[in-house]
Amino acid sequence: MSSLHKSRVFLEQPCDKDGGAASQGHTWPVLGTGLPFGNFSRFCGAEQPGIPCEGGLRCLCWKILLNYLPLERASWTSILAKQRELYSQFLREMIIQPGIAKANMGVSREDVTFEDHPLNPNPDSRWNTYFRDNEVLLQIDKDVRRLCPDISFFQRATEYPCLLILDPQNEFETLRKRVEQTTLKSQTVARNRSGVTNMSSPQKNSAPSMNEYVVLPNGCEAHWEVVERILFIYAKLNPGIAYVQGMNEIVGPLYYTFATDPNSEWREHAEADTFFCFTNLMAEIRDNFIKSLDDSQCGITYKMEKVYSTLKDKDMELYLKLQEQNIKPQFFAFRWLTLLLSQEFVLPDVIRIWDSLFADSNRFDFLLLVCCAMLILIREQLLEGDFTVNMRLLQDYPITDVCQVLQKAKELQDSQ
């Protein structure tokens, strides 16, 4: 990663008068032999509009910055083909084959009596695995359906549905069918960061029922269903962490960016590309989602305290005010840091912030500075407000100009 960020960018296509990439055709950065690629400050400086989306430049840069693609362009085609085929294999092994097995399980008396059955206590039982996966699936389904509710994108049909799964000739059980099962509708399942699974009757839960969400007809699938599949496969491949609420907010902006790529060929493979970029990003931030690591140096508690220690160094008066009111960083910074600010700003602004985060050589140290900058930018309101007012400010951040936030964070970075 360090060599990537220390290298320089060489873009052979011209830029338009506003500094963005020229929009004629696909304006891919051209990498010559030995030409390094990496000075994203041209686009990601606090005063800049971010990596241009024209020509798919942002999608490409994110794939490089998240270590999905190497710097050498010559190897991109082979790497993408290999990774996308690997993802297809995941689909076959974790969604299609279990769906076929479920359709066949219990068909014959011999299967039920001598091999496996729903009450089999063996942890290796196919039924046991199936029911455990359903708990995870239901929580994922509940979360992805409400992803980015302020825009309609995730509710719309994707132009590239997964034909491996949606082929009308297939009779196996898909994730959609699993969620629609009566046994899943009868309970609400939630798994928190402690790993505890809670179940409650839907009659006691005021959350919208699944019937209130529009499901597209057979042969079509919404973007949120693609995100659901990505998260389910990630959970299957990473049983130690599986799925924790909030991961949907991390994968959402990644998938949106790749699924709106101007390059139709790359857009068609947004699901696979998002999966691997999400996996690489989670490798860097997964400790935030593991409660047993909270108090370690790589845990979320340490990072929240680092926000306050930075604030103490930069603005002692504001730090003492928050201390006096007993406003702990856990009250607001937990969400800011864990979800990479994806809940504090609208999606286009989140993407702009992520441009700068991904492009910074110390990306998550920079995130701490962004959080500190957010506090300093509303210092006057915080100094005047009481506990209730200040908590409202911190949980519903009032500043919408993300360039102002990034500029302040850069000032803090430069002053260190």
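Odds and ends about this structure:
- Candidate set from the range 324-366 (those that are among the aliphatic types (A, V, I, L, M) and more than 17 Å from G246 (Cα to Cα)); member that is surrounded by the fewest Cβ atoms within 10 Å (Cβ to Cβ): I327
- Of all residues making up the range 355-395, the number that are outside any helix (DSSP H, G or I), in contact with a helix residue (DSSP H, G or I) (Cβ under 8 Å, 6 or more places away or on another chain) and acidic (D, E): 1
- Residue among I399, I300, I290 that is surrounded by 22 or more Cβ atoms within 10 Å (Cβ to Cβ), modelled with pLDDT under 95 and not basic (K, R): I300
- Residue in the range 272-279 that is under 26 Å from Q416 (Cβ atoms), assigned to a helix (DSSP H, G or I) and in contact (Cβ under 8 Å) with a residue 40 or more places away in the chain present: no
The values are calculated or read from the model by the stated rules, or taken from the named source; none is laboratory data. Computed from a predicted structure; not experimentally measured. Because the Cβ atoms are built from the backbone with ideal geometry, glycine has one as well, and the counts that use them run over all protein chains shown.
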